[in-house]
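Okay, so here's the structure we're looking at.
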Amino acid sequence: MSVYNGLPFLGGAIASILGQTFADFEFIIVDDGSNDGSWESVQTAAAADPRILAVRHDVNQGYAASQNRAISLAAGSLIALQDQDDVSLPVRLMQQVRLLEARPWVGCVGVWPRFIDEHGEPIESPTFRLLDRDDDIRAWLPWGPCVCGPSVLVRRSCLDEVGPYNPNLKSAEDYDLLLRLAESTRIENIPQHLYLYRQHPASVSSRQRYQQRLSRAVSLEGSLVRGRGIVAPRVLREATAHSYLRAALVAFLEGESTGVPLCVDRAHEVAPWISRKGNLVEETVGRYLLRDEDHEANARIERFFEQFLPRTAHLRRAQSRLAARAHIRWAFEGESHKGIVPASVPNPLILAHLMAAVRADPHWLLNRGVWKIGLRRFLDDPLPSRRNPPPRDELRPG
């Protein structure tokens, strides 16, 4: 366990390891120059339990350096990981050890996480795939999280083969290590929620979203360069481009102006065909720019496509489809009198959004809900657009 200013969750994380039903372990904790009392907390725990080996860096060196030092000090043939603000349920290590003993061909085993907030309350994580078989994990790992990095138990021999954590990949060191492990051994998950993964405003995933996304993309490109065959090369190229586009969109939303063109360019260099297909760009952009409660969706979509993407026919169609989805959402929300559109939204504005959606993507004419809302509004207030057309700017919420 690497620790840096881990209070107030550190005590619970340490206690969850000391309370494991599998008790034959050494617990190496490296304090990475904490100044919030974490080191004193670690020392207190070490004085009470001889299984703890407490080590301190006088100057903060980063997560990768701390983890690498802990692994170098470990004497065991199996290495378990644990983050400073998470909780391992009591049978986690027992279940993992049993699996590795029963399946010598497996080199790394994780468990399914349950995501919690700073208060320990469950929260949803729609991006994490609950997979357990190696084939499924190998296929999905380039596209998104399916192994909880700090929950794994790894054979020491596998770590020696793939090498240490990479300190240059800030906020994505775990992901890079998992990619390298997947290239050389089998990875499985125990299909039980045995690890409580905490997400809170001070966590890395909250504070360093752009850096994490960029590092994940760089990690995938490294896998592509190594050519060890997690998935087919073309699939890996598309996954890498997808990852760079996600980093570009996070940079766009967070105002990291220099990061957007950098990541978009890398995406096209890795997989030049994405601008000729359009579907991968559409799916990725839609996920980030068509969010609930986003009052500037249309304007952001237009700005991102116009400023940062090449003007190919496929991408123009993708932009139109995304704009149509934004208009449809506003029309449907306005009709239901819920969500981001006030109950007082007039008929003209709802009908204008419906018509704008159909102009942008005529496929919406096949949607029964569009006809239902359009007819109802038209009958309530016939020909509103001719009598009192809404200002053009109102078609761009926000």
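The values are calculated or read from the model by the stated rules, or taken from the named source; none is laboratory data. The structure displayed is predicted, hence computed values, not measured ones. Don't worry about glycine lacking a Cβ; one is built from the backbone with ideal geometry, like all the others, and counts go over all protein chains shown.
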Any idea which of ARG226, ARG287, ARG276, ARG237 is closer than 30 Å to GLN96 by Cβ and of a type outside the set (A, V, I, L, M)?
ARG226
Residues located in region 33-58, provided they are touching a residue at least 24 places away in the same chain (Cβ under 8 Å), part of a loop (DSSP other than H, G, I, E, B) and within 23 Å of GLY76 (Cβ to Cβ):
ASP49, ARG51
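Looking at ALA182, ALA241 in this structure, which one is among the small types (Gly, Ala, Ser) and farther than 26 Å from SER157 by Cβ?
On the way: ALA182 fails: farther than 26 Å from SER157 by Cβ.
So the residue among ALA182, ALA241 that is among the small types (Gly, Ala, Ser) and farther than 26 Å from SER157 by Cβ is ALA241.
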Has region 132-144 got at least one residue that is modelled with pLDDT under 95, assigned to a loop (DSSP other than H, G, I, E, B), in contact with a His (Cβ under 6 Å, 6 or more places away or on another chain) and in the same structural domain as PRO191 (by TED's automatic domain parsing)?
no
Test GLU256 against the stated conditions and say whether it is in contact (Cβ under 8 Å) with a residue 24 or more places away in the chain and outside any helix (DSSP H, G or I).
yes
Inspect all residues belonging to region 118-131 and state whether any of them is of a type outside the set (Lys, Arg), surrounded by 18 or more Cβ atoms within 10 Å (Cβ to Cβ) and out of contact with any His (no Cβ under 8 Å at 6 or more places or on another chain).
yes
Count - residues of region 211-248 that are closer than 19 Å to VAL162 by Cα, outside any helix (DSSP H, G or I) and not charged (D, E, K, R)
4
Please go through region 132-142 and give me each residue that is under 18 Å from ALA172 (Cα atoms) and crowded, with 17+ Cβ neighbours inside 10 Å, ordered by number.
ILE137, ARG138, LEU141, PRO142
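Matching residues to (1) surrounded by fewer than 21 Cβ atoms within 10 Å (Cβ to Cβ); (2) in contact with a Lys or Arg (Cβ under 9 Å, 6 or more places away or on another chain); (3) of a type outside the set (D, E, K, R); (4) over 30 Å from ASP134 (Cβ atoms):
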| site | (1), (2), (3), (4) |
| --- | --- |
| VAL231 | yes, yes, yes, no |
| ARG234 | yes, no, no, no |
| ALA241 | no, yes, yes, no |
| ALA248 | no, yes, yes, yes |
| CYS263 | no, yes, yes, yes |
| HIS268 | yes, no, yes, yes |
When restricted to TYR165, TYR195, the only residue in a loop (DSSP other than H, G, I, E, B) and modelled with pLDDT of 95 or more is TYR165
Cβ pairs under 6 Å, 6+ apart or interchain, first in region 128-153 and free of Cβ contacts under 8 Å to residues at least 40 places away in the same chain, second among the aromatic types (Phe, Trp, Tyr), ordered by first then second residue, are ARG129/TRP140; PRO145/PHE128
By residue number, the members of region 311-369 that are acidic (Asp, Glu), at pLDDT below 80 and under 17 Å from ALA297 (Cα atoms) are GLU333
